[in-house]
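Here is the structure we will look at.
Every number in this text was worked out from the coordinates using simple rules, so none of it is lab data. In this text the structure is predicted, and so the values were computed from the model without any measurement. For neighbour counting, all protein chains shown are included, and Cβ atoms are generated from backbone atoms with ideal geometry for every residue, glycine included.
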Amino acid sequence: MYSRAVLTCAPRPICDARVVPGSHARLAAAAVLFAVGSAQGADLVTFVRLMIEHGARAELNPLVRAAIADLGLLPLIVAKVALVVLVVAAFAIVIRARPRLGMTVASIATSAGLIGAFSNVLAL
């Protein structure tokens, strides 16, 4: 016969909300802040350099190009910082209940920043 402990113990899923307790969630949020902030920061720095050297005509995104022409660089810089704060806040909230979704959000934001920085460097 099986013991009661063997019958009631089910394997835990790899990605379970209980895997990320409070202290680990704060560490994960700090790591996401670093990753997303670094990638989006690289995109911002290369974007500003691209605008200084080549002007708004070098920007391929028509929405960003129009925003530069109408508003200038400062609102776009503020929007980029707000984006990083929003992604990290969303990650910190979502990670406890839906870890995979939180990791997906962080991965997409980091990838978008890296791709943006790469395309800016190519345009330089």
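On a per residue basis, the convex hull of the C-alpha atoms belonging to region 20-123 measures out at 87 Å³.
Peptide packing for 30-42, 88-100 was compared via the average number of neighbouring C-beta atoms within 10 Å per residue; ordered from the highest value, the list is 30-42, 88-100. Using C-alpha pairs below 8 Å separated by at least 6 residues, the relative contact order for region 20-123 is 49 percent.
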